[in-house]
1. Between Gly23, Gly15, Gly58, where does the largest GNM mean-square fluctuation fall for the chain, given springs only between Cα atoms within less than 10 Å?
2. Provide Val12, Val141, Val83 ordered by accessible surface of protein heavy atoms (probe 1.4 Å), highest first.
3. Measuring with a 1.4 Å probe in the full set of protein chains, what accessible area per residue, in whole Å², belongs to the range 87-199?
4. Determine how many Å³ per residue the convex hull of the Cα atoms of the range 1-85 encloses.
5. Can you give the Kirkwood hydrodynamic radius of the range 56-199 from its Cα pairs, in Å with one decimal?
6. For the chain, set up a GNM with springs between Cα atoms under 10 Å and report which of Met51, Met86, Met145 has the largest fluctuation.
Amino acid sequence: MLSRIIASIKKVEHGFKHILEAGDQLLKDTSHDPLETAIKLTSGESYQERMLGAWLLGLLSPRSNKALTLLKTKVVTDDNWRVQEMLAKAFDHYCSSIGYEKALPEIRLWLNDPQPNLNRAVVEGLRIWTSRPYFKEHPDVAIKMISRLKSKESEYLRKSVGNALRDISKKHGALVEEEIRTWDLEQPRIAFVYRLVAK
């Protein structure tokens, strides 16, 4: 079954739906250990296999600390952007499954990690933050958490930060304005994020 699924997903170059469906299939298949399958897939030759491995780990993560750890230690190092997008989806699945408020310690852990791919997985995975339970009622918490990344070295992370804050500003403009008013725009990295938020 696994080889058939791999052959099928490798035919598709764009999108995520086929990966999500394949993950559901593998999770229902009782003829194999889904965690071992996920580990094998994260070392696959094709990015599609590694995307599937990341998503399968995400599906398992709410009840498997090992799966969650593999997301933040192995998947995070993959240099393919599509795999990183799947890491974001996998992390949001984890948060959604256990509840966003309950996931706050793990969210903060990922946001404070020195690895920009891990930071970005949270910022992107939870967009639009204020459409998520807990953050819908606490937009100020989302704004503060995301804003802490505004001066990070990684430009692709800072783009994600700016875009996420701009999303939030559509419903909570005054709160976002209150935050960005405090920023030191003499700092080029911070000014870069500010322009994305304010455009």
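1. So, out of Gly23, Gly15, Gly58, the one fluctuating most is Gly15.
2. The residues order as Val12, Val141, Val83, largest area first.
3. For the range 87-199, the per-residue accessible area is 49 Å².
4. Dividing the Cα hull volume of the range 1-85 by its residue count gives 82 Å³.
5. The Cα-based Kirkwood calculation yields 15.2 Å.
6. Highest fluctuation of the listed residues: Met145.
The values are calculated or read from the model by the stated rules, or taken from the named source; none is laboratory data. None of these values were measured; they are calculated from a predicted model. SASA here: full protein model, heavy atoms, side chains in, ligands and nucleic acids out. Shrake-Rupley method; radii C 1.70, N 1.55, O 1.52, S 1.80 Å.
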